[in-house]
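Contents: one structure, followed by commentary.
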Amino acid sequence: MVVGRIIGGSVGDKLVIRLKNESDIDVGDLLLIKDKNCQFYVKVINKMISSLVPEQFIEEMAGQNLEYNEGINLFDEKERFYQIAHAKILTINKDGFKPPRTIPSFFAEVKKVNKEDFKFLEKKGEVEIGYLRLGTDYLKDVVIKLPATKLVSHHVLVTAATGKGKSNFTKVFISGLLESDEVASLIIDPHAEYYGGKGIKGLSHHHNKARIEYFTPRWQEMIGSYELKIFAEDLKPTDFHGVIELSEAQREAMDALEKTYNNWWIRTLLIEKPINNIHEELGRKVSPATLFALKRRIGYTLELQDGESGLAFSIRKREGTSIFEKVQKAILEGKTVIIDTSLLGSEAEKLASAAIVRRQFGFYRRTKQLNPESFEKLPELLIVFEEAPRVLGVEALSHGSNVFERIAREGRKFKVGICAITQMPSLIPKEILSQMNTKILLGIPSPSDRNAVIESSAQNISDESVEIQMLDKGEAIITSPFIDFPLPVKIFLFEELIKKPAEQKKIVLGL
Ligand SMILES: Nc1ncnc2c1ncn2[C@@H]1O[C@H](COP(=O)(O)OP(=O)(O)O)[C@@H](O)[C@H]1O
Ligand SMILES: [Mg+2]
């Protein structure tokens, strides 16, 4: 059905469309323009009323009606009063998709899109995340799929204000990754919302739940979960770097301690020996004041409840394999590992997650260098973390680099990617934001956060600023070098997604 005709426009700017009077076209709608041997996919970015009748007459008519109650009798109403839409060209299809370098001719036909027009999206990926969105509506027949393996090592940013659907998207995305074993994920979960439990739907309700391993301080209450416990004997001074604020003297003290006491450096400092003895044994190179300060700092971070063991850390001797080895084994099997840090203080949480992530990244790097053949066989690894500015923010990075930043910068070479979730992307340095090649943008009311992501996106989405501001729960725009244009998507609701049996989902996909 023809809903309008082209009446103007330019390549770098927008197209102007005269709309057919009864057509219900709204901002956000996708339209298709067929012109000669070329198709234009466009999105409505603005809509206005217009008329051929001079302004004074319109004002006069309105006035007469308001002041004297006269009826408004319009002569040739349909021709002389109408709606105009402005549209942005998303992409051009002329033997394949290309960025727009031309515009349609005068009077070219403008039509609404239907599922046939999006058949090309079918082959784009394998992880289903939602439906093609048309403004606030969506096409139930067009399921959007993302190319998981490409996406992962090029990093993903999920950003929106609170309550707009960041965690929901992430659960949907991970559910998709669970369908294949090409990608392993490591999720740091500060709100204990990913695994699920009594009354709360989470990834443990996925039909492939055997591919999930859950590490939590509440392991005794959760059937099938593992204990989250990191032993101080496995921690190195570098685990603390860029994670907690340390002075230069404190860092040197840590190195000296480790050199002298090896694996027992933390236990020795915290409980085994008086500071004065340590001072002597380190050859009086480290002042007792520094040792005292360091002891307090580490003690505080480890949150040891009875002096030797706490929710996540212990300075007792470890029995059995370390959590680092357990996580690594799961990742090698292509599993999804969830680390519940919800009960930990902010410092303990950062130390625990950085220590686990650092081991895995180190393992991938080493494998690539020492054993390229087995590196090829490793699954891609996605590191998921909420409240990303806590480790990737300008403020956090002012205390020194950390493993999350290193992965953002060079993870791609080692098949390791991050999925950073945040409500405040403007706190993350611009270069790091631009490294996040795929961006899942849900509603972002704050202008500074919106600008930060618009400026660092793979595609030009400056025209979408108002739309991004208004997006409702679960409504997203996705920009990525792996899709042809910024895709408007209605993300599946996780609770609905996991209700569907596997066969039924195939039918939706079948188009
Ligand atoms: N795709 C969606 N479709 C429908 N409702 C959604 C969708 N995503 C989120 N919601 C609703 O919004 C609520 C908050 O979502 P959540 O993912 O927790 O937001 P955030 O992590 O951004 O704070 C959810 O509990 C759900 O009710
Ligand atoms: Mg959330």
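The values are calculated or read from the model by the stated rules, or taken from the named source; none is laboratory data. Remember, it's a predicted structure, so these values are computed and weren't measured experimentally. Reconstructed Cβ throughout: ideal geometry from the backbone, glycine too, with neighbour counts over all protein chains shown.
Residue by residue through region 403-435, note down the ones that are of a type in the set (Gly, Ala, Ser), out of contact with any Gly (no Cβ under 7 Å at 6 or more places or on another chain), more than 16 Å from ligand 2 (Cβ to nearest atom) and touching a residue at least 60 places away in the same chain (Cβ under 8 Å). Please lay out each step first, then the result.
To start, the set of residues in region 403-435 that are of a type in the set (Gly, Ala, Ser) comprises 408, 411, 417, 420, 426, 434.
Adding the requirement that they be out of contact with any Gly (no Cβ under 7 Å at 6 or more places or on another chain) leaves 408, 420, 426, 434.
Next, only the ones that are more than 16 Å from ligand 2 (Cβ to nearest atom) stay: 408, 426, 434.
Once the filter is applied, which keeps residues that are of a type in the set (Gly, Ala, Ser), out of contact with any Gly (no Cβ under 7 Å at 6 or more places or on another chain), more than 16 Å from ligand 2 (Cβ to nearest atom) and touching a residue at least 60 places away in the same chain (Cβ under 8 Å), region 403-435 yields only Ala408.
From the set of residues in region 441-471 that are in a helix (DSSP H, G or I) and aliphatic (A, V, I, L, M), which is farthest from ligand 2 (Cβ to nearest atom)? Show your work before the answer.
Initially, region 441-471 is screened for residues in a helix (DSSP H, G or I), giving 447-455, 462-470.
Imposing the further condition that a residue be aliphatic (A, V, I, L, M) reduces the set to 452-454, 466, 468, 470.
On the way: Ala452: 19, Val453: 17, Ile454: 22, Val466: 24, Ile468: 18, Met470: 20 Å.
Taking the candidates together, the pick is Val466.
Given the conditions (1) in contact with a Pro (Cβ under 9 Å, 6 or more places away or on another chain); (2) among the β-branched types (Val, Ile, Thr); (3) modelled with pLDDT under 90, report the number of the one that Ile33 does not fulfil.
Of (1) in contact with a Pro (Cβ under 9 Å, 6 or more places away or on another chain); (2) among the β-branched types (Val, Ile, Thr); (3) modelled with pLDDT under 90, only one is false for Ile33: (3).
Looking at region 26-45, I want the residues that are hydroxyl-bearing (Ser, Thr, Tyr) and have a partner that is outside any loop (DSSP other than H, G, I, E, B) and modelled with pLDDT of 95 or more with Cβ atoms under 7 Å, at least 6 apart or on another chain. Which pairs are those?
From residues that are hydroxyl-bearing (Ser, Thr, Tyr), the pairs are Tyr41/Leu32.
For region 178-187, how many residues are under 14 Å from the mean Cα position of the chain (by Cα) and either at pLDDT below 95 or within 13 Å of ligand 2 (Cβ to nearest atom) (or both)?
1
Would you confirm whether or not region 373-385 contains a residue that is within 16 Å of ligand 1 (Cβ to nearest atom), assigned by TED's automatic domain parsing to the domain that holds Ser426, within 30 Å of Thr162 (Cβ to Cβ) and modelled with pLDDT of 95 or more?
Yes, the conditions are met somewhere in region 373-385.
For (1) of a type in the set (Lys, Arg); (2) part of a helix (DSSP H, G or I); (3) closer than 30 Å to Gly196 by Cα; (4) in contact with a strand residue (DSSP E or B) (Cβ under 7 Å, 6 or more places away or on another chain), each residue gets a yes or a no:
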residue: Leu246; (1), (2), (3), (4): no, no, no, no
residue: Ala249; (1), (2), (3), (4): no, yes, no, no
residue: Met254; (1), (2), (3), (4): no, yes, no, no
residue: Arg318; (1), (2), (3), (4): yes, no, yes, yes
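Regarding Val172, is this residue within 16 Å of ligand 2 (Cβ to nearest atom) and assigned by TED's automatic domain parsing to the domain that holds Ile407?
Against the criterion (within 16 Å of ligand 2 (Cβ to nearest atom) and assigned by TED's automatic domain parsing to the domain that holds Ile407), Val172 qualifies.
For region 22-71: of the residues being surrounded by 11 or more Cβ atoms within 10 Å (Cβ to Cβ) and polar (S, T, N, Q), which is nearest to Asn93 (Cα to Cα)?
The extreme case among them is Gln39.
I need the full set of residues from region 169-220 which are surrounded by fewer than 21 Cβ atoms within 10 Å (Cβ to Cβ), part of a loop (DSSP other than H, G, I, E, B), of a type in the set (A, V, I, L, M) and away from ligand 1 (no atom under 15 Å from the Cβ), in order please.
none
Can you spot a residue in region 472-487 that is under 21 Å from Lys430 (Cα atoms) and within 16 Å of ligand 2 (Cβ to nearest atom)?
No: zero hits.
In this structure, is Asp484 touching a residue at least 40 places away in the same chain (Cβ under 8 Å), surrounded by fewer than 22 Cβ atoms within 10 Å (Cβ to Cβ), away from ligand 1 (no atom under 16 Å from the Cβ) and not assigned by TED's automatic domain parsing to the domain that holds Pro100?
yes
From the list Leu157, Leu121, Leu151, which one is within 24 Å of Gly417 (Cβ to Cβ) and within 16 Å of ligand 2 (Cβ to nearest atom)?
Testing whether each residue is within 24 Å of Gly417 (Cβ to Cβ) and within 16 Å of ligand 2 (Cβ to nearest atom) leaves just Leu157.
Go through region 139-168 and count every residue that is part of a loop (DSSP other than H, G, I, E, B), more than 13 Å from the chain's Cα centre (by Cα) and more than 12 Å from ligand 1 (Cβ to nearest atom).
So the count comes out to 1.
Limited to region 16-51, what total is found for residues that are farther than 22 Å from Glu475 by Cβ and over 32 Å from the mean Cα position of the chain (by Cα)?
18
What number of residues within region 231-270 are among the hydrophobic types (A, V, I, L, M, F, W, C), within 22 Å of Ile323 (Cβ to Cβ) and modelled with pLDDT under 95?
3
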